[in-house]
Amino acid sequence: MPGDRDVFREPLGTHDVLPPESERWQAFVTAFATRARRAGFELVVTPIFEHIEVVQKLGSTTDAVRKELYDFTDKGGRQLALRADGTASVARAFAQHQPATPWKVWYVAPNFRYERPQKGRYRQHWQVGVEALGVDDPTIDVEVIALAHEFYRDDLGLRQTRLLVNSMGDAETRGRYREVLLEYWNAHATLLGDEMARAEANPLRVLDSKRADWQDMIETAPQIGDYLTKESAADFETVQEGLHRLGISFEIAPRLVRGLDYYTGTTFEFQSDALDAAQNAIGGGGRYDGLVEQMGGRPTAGIGFGIGIERVLIVCDAEGVFAAPEPAIDVFVVDTVGGLAGLELVSELRAVGLSAERSYGTRSMKKQWSAADRAGARWGVLLAPRELADGKVGVKHLATGKQIDVKRDEVAAWLRNKEESDQS
Ligand code: HAM
């Protein structure tokens, strides 16, 4: 339990995002939004909490549901849970609203998992992601993977990421595979100990374990690729050919079943060596062709991915890419007159669409010019008593230091025209 001194701090496993880091977040989300929109995905916003049954669809044997759920009963006696991922909510929203297909949506949202916090692993983490519902054509799998790949490479500038791909096949594949896998776990029941019960409930979940003493056993476990039906194998082949065609390198990871129960067909994960192996996944996703039906909707194909914002930014730091943007504004008003003159001028400048800032209270002119530099202003406007008495202000181009007088009444329009002509 936190002591008195700890309660006015961010809760364990969460963190505040303050400027200038928040500027980097905004740039990250904007870049993702732009790329997603270009590929036909539109923004979806779903509640931060859901009926517990929705979140439980991640799987009763997954850690996210078994051990990490933030669940509570509200004042009306409803059993609710904070969202643990974006996919369950999107599938629920699709089943509820039945939009026309293909339904292609993107999101940015926090997710909650009661994890043991460490670098890159938090109790509240943020994801950007996309989901495409109502398309079973495996070439969309390639499009979805390509979107993530291009975001990492072209928008963020990451170079050291790895793409792992696998297929979970169809229901018949998974049925057969579960049986042989369970047989294999039974032969290792002593090593599995108490976890044998979980292996029986869902044999796939053992494959996600990071336990060091299990890795040899997992390494030699049967591989799902050997049990793919003809149709599943053909779909997987199409995905691989598509990735080759788009020039996207990947490795086949025969044991990549991903930690959530809803996956069917293609699964994939992007990893980076800049993070510890236990949390080296910077994004991942796959098909979940049964999830909408489990939410009470019509049988609907689905595929998507989620990218962990915090983890990716750690990796960007490690690779020295995607730094926080330098502060930049159009105009800083340096005011040696006082009263309401500064207030009036910034409001005029903002009204014509320029970003404008000023100092508050009385500060020396020198300090105000330093503040203009720190704010990254392109122009400084000097409000001084003598010039103002003549109906003028001084306008300084900060990069060159060149200053001219402009009529006070015309300065907002003058600066706006200047900015427009500089940009064109
Ligand atoms: P996930 O693999 O659980 O998949 O999470 C996606 C990404 O979120 C991870 O690759 C990682 O970057 C980040 N992440 C997950 N948990 C944490 C955490 N505790 N702390 C920091 N970052 C974390 C999903 O959530 C699926 N909904 C992805 C998906 C979308 N599949 C289909 N559509």
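The values are calculated or read from the model by the stated rules, or taken from the named source; none is laboratory data. The structure displayed is predicted, hence computed values, not measured ones. A quick note on method: Cβ atoms are made from the backbone with ideal geometry, for glycine too, and the neighbour counts reach across all protein chains shown. Please note that ligands, DNA and RNA were not included when accessible areas were found on the heavy atoms of the full protein model with its side chains. Shrake-Rupley method; radii C 1.70, N 1.55, O 1.52, S 1.80 Å.
Data table
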| read-out | value |
| --- | --- |
| Nearby lysines by direct alpha-carbon distance to residue 119 (threshold 23 angstrom, same-chain neighbours under 8 apart not counted) | 67, 210 |
| Scaled radius of gyration (Cα, divided by 2.2 N^0.38 Å) that the stretch 329-423 gives | 0.96 |
| Among 216, 208, 289, residue whose mean-square fluctuation peaks in a GNM of the chain (springs only between Cα atoms under 10 Å) | 216 |
| Extension reserve of the residue 216-residue 273 stretch, reckoned as 0.36 nm per residue once the Cα distance is removed | 18.4 nm |
| Listed residues 382, 260, 228, most fluctuating in the chain (Gaussian network, C-alpha, under 10 Å) | 382 |
| Dimensions (Å) - the stretch 66-192, Cα atoms, principal axes, largest first | 47, 46, 38 |
| Approximate shape of the chain as ellipsoid semi-axes (Cα gyration tensor, √5λ), whole Å, largest first | 53, 24, 20 |
| The stretch 329-423, relative contact order [Cα under 8 Å, separation at least 6], % | 29 |
| Area of residue 54 that stays accessible when all protein chains are in place (1.4 Å probe, Å², to 10) | 20 |
| Solvent exposure of the chain as accessible area per residue, Å², 1.4 Å probe | 51 |
| Stokes-Einstein D (µm²/s) once Rh is taken as the Kirkwood radius of the stretch 1-153 over alpha-carbon pairs, at 20 °C in 1.002 mPa s | 123 |
| For the stretch 368-409, the Rg and Dmax computed from alpha carbons only, in angstrom | 10.6, 30 |
| For the stretch 139-201, the Rg and Dmax computed from alpha carbons only, in angstrom | 18.4, 48 |
| Förster radius 25 Å - calculated FRET efficiency between residue 403 and residue 363, Cβ distance, rounded to 0.05 | 0.80 |
| Estimated dipole of the chain in Debye, rounded to 20 [Cβ of Lys and Arg +1, of Asp and Glu -1, Cα centre] | 1340 |
| Hits among aspartates and glutamates - C-alpha to C-alpha of residue 104 under 16 Å, sequence gap 8 or more where chains match | 42, 131, 136, 137, 141, 143, 289 |
| Normalised contact order of the chain, rounded percent, pairs of Cα under 8 Å and 6 or more residues apart | 15 |
| Local electrostatic count at residue 265 - Lys and Arg +1, Asp and Glu -1, tallied over other residues with Cβ under 12 Å | -4 |
| The stretch 144-275, Cα convex hull volume normalised per residue, Å³ | 114 |
| Proximal lysines to residue 366, defined as alpha-carbon separation beneath 21 angstrom and excluding residues fewer than eight positions away on the same chain | 392, 396, 402 |
| DSSP bridge pairs, the chain: antiparallel proportion in percent, nearest 5 | 80 |
| Stretch gain in nm, segment residue 71-residue 249, where the contour uses 0.36 nm per residue and the Cα spacing is subtracted | 60.1 nm |
| Histogram of C-alpha separations across the stretch 40-89, 5 Å bin width, % | 5, 21, 30, 20, 12, 7, 4, 1, 0 |
| Global geometry of the stretch 228-317, whether rounded, prolate or oblate, following the gyration tensor of its Cα atoms and the 1.5 cut on a/c | oblate |
| Percent of beta bridges antiparallel (DSSP, the stretch 329-423, rounded to nearest 5) | 55 |
| Environment charge of residue 42, counting only residues whose C-beta is closer than 12 Å and scoring Lys/Arg +1, Asp/Glu -1 | +2 |
